[in-house]
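Some notes on the structure that comes next.
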């Protein structure tokens, strides 16, 4: 599991991660796409792995696995893309993987709820993984986000609930003033059915 990006080099990018079985802290090196397409570069990288695998010293990082597919996944590449407090999902992917999408939705709900309860570790993870961010500015931004997340639907139905009537009004507004190249039934463009209704926005955590 990827935790944070650590560094970029000429050949690839290094991430901090957690081993899926032992939960041990590990480093994961992923070759850049252009390098991964170079057979000679991949073979050289494999030789580096073979040599490092034979070494054992307290000051040398022990290598564990090597391969072209060790479970790394960029969600947007398969049509599941987090955006704000929503998930944009490719229809074909959703039809084929409904349980995976539902699990992803509910984990995202839990993550939002955890950040609402205590934002400190969430902000730390963000600041550790993205350079150039100002801590105080991000804290103010989070307060605004919490306020926007607080409405009658997120507090009574489920965190992340989408108001169908508001979606329709937004659609009608765009249709009236800009027009739709390909009009569609807005009710088919979203769903809230996969949400865990036991997870709701804690209105008490949002500033007035």
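Tabulated values for the structure
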read-out: Test: residue in the stretch 129-147 that is in a loop (DSSP other than H, G, I, E, B), farther than 30 Å from residue 7 by Cα and in contact with a helix residue (DSSP H, G or I) (Cβ under 8 Å, 6 or more places away or on another chain); value: no
read-out: Residue match in the stretch 165-184 (condition: modelled with pLDDT of 90 or more, under 21 Å from the mean Cα position of the chain (by Cα) and on the phi < 0 side of the Ramachandran plot); value: no
read-out: Pair list, Cβ under 6 Å, 6 or more apart: the stretch 86-105 residue surrounded by fewer than 17 Cβ atoms within 10 Å (Cβ to Cβ), other residue not in a strand (DSSP E or B); value: 90/79; 93/78; 93/79; 102/194
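The values are calculated or read from the model by the stated rules, or taken from the named source; none is laboratory data. Remember, predicted model here, so these are calculated numbers, not experimental data. Using ideal geometry, Cβ is built from the backbone for each residue, glycine included, and neighbour counts are taken over all protein chains shown.
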